[in-house]
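Novice: Quick one: the structure is below, questions incoming.
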Amino acid sequence: MHNIRIETERLLLRPLTVADAEDMFEWVSDERVARYMVYTTYTEIGQVREWLAFASQDTNKYHFGFQRISDGKLIGSGNIRPDRKDGSWGFGYNLRHDCWGMGYATEAVKAMMDYARRIFGAKKFIASHAEPNAASGNVMKKCGLHFVGYGEFQKLDGSCKMRSMVYEGTL
């Protein structure tokens, strides 16, 4: 697990811990949030604790909780990681439904990308979203990425497959 903390205008990006399970359950148990995520909707808080324990041991990704500075509330999470042998970096994120459309995702993703650039010299970024999730495409564009083609989105359990939109950017 990392101990990286990144502060933006409205957010503190910090390591996730098992103690975040209750806050995180608020959005991973919400079908509106889980709809376009690779995970299925969580039904028990124990599932969140298990994932958080796993994520704390995942040395291939930098997982962050997105904590709102104004009230200390954990409102989302995300990660950034080296993605390919070509040196590109990938990222992902999810937020509580009541925080959608407020610019938090863009703010958090830009902060993660900036961290990867400053610390690791990352220049190329890649991300994708389920095609119907146009809001995520808007986040990617605001972060300097552009649409490059289509792929396939699939839930981890195979229950849902759909076309994805792939974005890349060299910044």
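The values are calculated or read from the model by the stated rules, or taken from the named source; none is laboratory data. In this text the structure is predicted, and so the values were computed from the model without any measurement. All Cβ positions, even for glycine, are placed from backbone atoms using ideal geometry, and neighbour counts span all protein chains on display.
Novice: Would you please name the residue that is surrounded by the most Cβ atoms within 10 Å (Cβ to Cβ), looking only at residues in the range 53-74 that are among the hydrophobic types (A, V, I, L, M, F, W, C) and free of Cβ contacts under 8 Å to residues at least 60 places away in the same chain?
Specialist: Keep residues of the range 53-74 that are among the hydrophobic types (A, V, I, L, M, F, W, C), which gives 53-55, 64, 66, 69, 74.
Applying the additional criterion that residues be free of Cβ contacts under 8 Å to residues at least 60 places away in the same chain yields 53-55, 66, 74.
On the way: Ala53: 12, Phe54: 10, Ala55: 17, Phe66: 30, Leu74: 20.
Per the criteria, the residue is Phe66.
Novice: A further question follows. Looking at the range 154-166, is at least one residue within 26 Å of Arg10 (Cβ to Cβ) and surrounded by fewer than 17 Cβ atoms within 10 Å (Cβ to Cβ)?
Specialist: No; the residues of the range 154-166 include none that is within 26 Å of Arg10 (Cβ to Cβ) and surrounded by fewer than 17 Cβ atoms within 10 Å (Cβ to Cβ).
Novice: Starting from residues that are surrounded by 15 or more Cβ atoms within 10 Å (Cβ to Cβ) and polar (S, T, N, Q), keep the ones in the range 1-40 and report whichever is farthest from Gly76 (Cα to Cα).
Specialist: Thr40
Novice: Among the candidates Ala130, Ala111, Ala134, Ala116, which residue alone is of a type outside the set (Asp, Glu), out of contact with any Gly (no Cβ under 8 Å at 6 or more places or on another chain), touching a residue at least 12 places away in the same chain (Cβ under 8 Å) and closer than 19 Å to Met162 by Cβ?
Specialist: Only one candidate passes the filter, namely Ala130.
Novice: Next question. Where residues in the range 138-153 are crowded, with 18+ Cβ neighbours inside 10 Å and at pLDDT 95 or above, which of them is nearest to Glu31 (Cα to Cα)?
Specialist: Across the range 138-153, the extreme among qualifying residues is Val139.
Novice: I'd like to verify a number: residues in the range 133-171 that are under 18 Å from the mean Cα position of the chain (by Cα) and of a type in the set (Val, Ile, Thr), how many?
Specialist: 2
Novice: One residue is enough: does the range 84-103 have a residue meeting the conditions among the small types (Gly, Ala, Ser), in contact (Cβ under 8 Å) with a residue 40 or more places away in the chain and closer than 22 Å to Trp51 by Cβ?
Specialist: No, the range 84-103 has no match at all.
Novice: Can I ask one more? Within the range 121-171, can you find the residues that are outside any helix (DSSP H, G or I), closer than 21 Å to Trp100 by Cβ and among the charged types (D, E, K, R)?
Specialist: Scanning the range 121-171 gives Glu131, Lys155.
Novice: Identify, by number, the condition in (1) modelled with pLDDT of 95 or more; (2) of a type in the set (Phe, Trp, Tyr); (3) within 12 Å of the chain's Cα centre (by Cα) that Tyr62 doesn't meet.
Specialist: Going through (1) modelled with pLDDT of 95 or more; (2) of a type in the set (Phe, Trp, Tyr); (3) within 12 Å of the chain's Cα centre (by Cα) one by one, Tyr62 breaks only (1).
Novice: Then there is this: Restricting the search to the range 113-165, which residues are over 23 Å from Arg35 (Cβ atoms) and out of contact with any helix residue (DSSP H, G or I) (no Cβ under 9 Å at 6 or more places or on another chain)?
Specialist: Met113, Asp114, Tyr115, Ala116, Arg117, Arg118, Ile119, Phe120, Gly121, Lys124, Val148
Novice: Here's another thing I want to ask about it. Going through Glu9, Glu50 one at a time, which residue ends up being touching a residue at least 40 places away in the same chain (Cβ under 8 Å) and either more than 21 Å from Phe153 (Cβ to Cβ) or among the polar types (S, T, N, Q) (or both)?
Specialist: Result of the check over Glu9, Glu50: Glu9.
Residues checked against (1) modelled with pLDDT of 95 or more; (2) of a type in the set (A, V, I, L, M, F, W, C):
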{"position": "Leu74", "(1), (2)": "yes, yes"}
{"position": "Arg84", "(1), (2)": "no, no"}
{"position": "Gly90", "(1), (2)": "yes, no"}
{"position": "Tyr93", "(1), (2)": "yes, no"}
{"position": "Arg96", "(1), (2)": "yes, no"}
{"position": "Trp100", "(1), (2)": "yes, yes"}
{"position": "Arg117", "(1), (2)": "yes, no"}
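Novice: Among the residues of the range 116-136, count how many are in contact with a strand residue (DSSP E or B) (Cβ under 8 Å, 6 or more places away or on another chain), of a type in the set (D, E, K, R) and under 19 Å from Ala105 (Cβ atoms).
Specialist: 1
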